[in-house]
Amino acid sequence: MGSDTRDHDGRSGGAGGSRRDLDLFDLIALLWAQKILAIIVALLVFIPIALFAITSLKPSYEAVSRLLVIQDDNDLAPGAAGSGGAFTLDQVMQSEAEILNSDAVRRRAIEQRSGSVGPSELKLLRDGFGVSRSPSASLLTATFRHSDPVVAANTLNAIIDAYLAYRIEVLIGGIEGGVEERLARAETVSAMAEADLRRFLEEHGISDFATERAGVLARLSDLEVRRMTADAEAAQARALAAALASRLAGISDTIELYVENSVTGQLLDLQVRRVDLRQRYQDDAPPVQAVEREIEALERFIRAGGADGQGQRRTGVNPVWQDLESARLQQEAFSAGQSQLAASLARQITQARAEADRLRALGPEHDRLQRAAQARAEAAGRLSAQAADASARRALPPGAADSVRIVERAEPPSEARSMRNIVLAAGLMLAFAVGAFVGLVRGYLIEVREVRPAPRAPQPPRRDPPPAARPAAPAPANAPPRLPVLARVSRQNVSAAR
């Protein structure tokens, strides 16, 4: 133990010195000293891993199938998948991958092969099946691992067939949850909305709300125009009748038609008598001269105005006054008629305004019911088109109604894949690492336990001299030479062998 103590004192650099770090050679020496323990620990770690890899990790065959998803510019969402915005490539590919990797597809595949679906069968398909795709590509790569290559290929083909059938039912419509059922529900809802609208119209005595509202407004506008026209014409007629009445005030209602006297007849009789006398007598005969004198006297009397205004007089109604009075009466009658018409139109306007107010109050409810009916009818129309399209697609040959094409069907693989060699290599590396760690830890603990520092005597405190005057500490005379750890370990091994 004296040599060990000296070795420790030399490694620690004397009294009060600090322990130096171990270098690579020291670690190798410690590990070499504990090589037996490291090998035993490595074997204890590696043997269970090797047994697990040999017994549990069996070779498996991976069948591969590739699918091409066709993108249509006019229908980016295949079939009837949604009625919203256009799908992008990543969205479509992710949706197809999720459908392909769903338990519903696995159940259909199991039902097609064995007919009974259990948790163990689903777990087997879930553990062995996988879907992947390359970025910005329209190819889906489906794989399935199994210990039998034929079972792997047949199972993967069954999953692909179940996926193609299931996606048509999901995207286009099938027996369960298809477009026909949604169309029937939409038509029922649309009929209920139409019935509510008809009931509303019948309760308020309306045949066509929009037509009646437009008719009432047009009628109200026409009545307003007619009433204003009647008021204007009545006022005009009253003004004209007043003007005619003021003019009639200055016109006599009667007029002298003519004055009848016998002077003109007597003159005519004398002229006729003179003609008769000239036929029997000469012009200078006394009878003729007498008649001439009578005619001259009567003509002078007439020219002197002696017969003017004399005789029998006859009067009658003044025709001007009569015409003006008739026009006045007509204007008054027209004014009274237009006033009555304006009053009747005012009553009709009041009724039309009340009807317009009633329809205006019913407008929001009617618009709500009409919008609901129109929206449900449009939804039913879209579903009807989708149902017709789905029916046509289902009637097409297999593959023609689908946007997914099988590029490569699964074939039985010829080469097996196994994780056994990888697990063995990883277990071996882990075993060596654990063994080396345990060996290093044990060697280090043994060295620390065997090499212990010597006790130091207490020294009285003293004041240190300044750095310039402080003398250099002489090396101990009996200090052993410092040896590397590898040499010390070798010496210890030799001593132990002796």
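Read-outs: derived from the displayed coordinates by stated rules, not from any lab. Remember, it's a predicted structure, so these values are computed and weren't measured experimentally. Cβ atoms come from the backbone with ideal geometry, glycine included; neighbour counts cover every protein chain shown.
The fraction of Cα-Cα pairs per 5 angstrom bin, counted from 0 for region 213-375, comes to 1, 8, 9, 8, 7, 6, 6, 5, 5, 5, 5, 5, 4, 4, 4, 4, 3, 3, 2, 2, 2, 1, 1, 1, 0, 0 percent, rounded to whole percents.
Taken one residue at a time, the phi angles of region 25-42 give Karplus couplings (6.51, -1.76, 1.60, θ = phi - 60°) of 5, 4, 5, 5, 5, 4, 5, 5, 5, 10, 5, 5, 5, 4, 5, 5, 5, 4 Hz. Gly and Pro are set to x.
Database remark: amide H of Ile255 closer than 5 angstrom to the amide H of Gly316, Val317, Asn318 (H placed geometrically; neighbours at sequence offset of 5 or more, or on other chains; Pro and chain starts carry no H). Evaluated on region 126-234, the Kirkwood hydrodynamic radius is 21.3 Å, with distances taken between all distinct Cα atoms. Taken about its Cα centre, region 213-375 carries a charge dipole of roughly 1140 debye when the Cβ of each Lys and Arg holds +1 and the Cβ of each Asp and Glu holds -1. The 3J(HN,Hα) values that the Karplus relation (6.51, -1.76, 1.60; θ = phi - 60°) gives for region 235-242 are, in residue order, 5, 5, 5, 5, 5, 5, 5, 5 Hz. Gly and Pro appear as x. Scalar couplings 3J(HN,Hα) for region 366-373, obtained by applying the Karplus form with A = 6.51, B = -1.76, C = 1.60 to θ = phi - 60°, are 5, 5, 5, 5, 5, 4, 4, 5 Hz; x denotes Gly and Pro. Amide H contacts of Ser60 (H built 1.01 Å from N, in plane; Pro and chain starts excluded): Arg417, Ser418 sit under 5 Å, all sequence-distant by 5 or more or on other chains.
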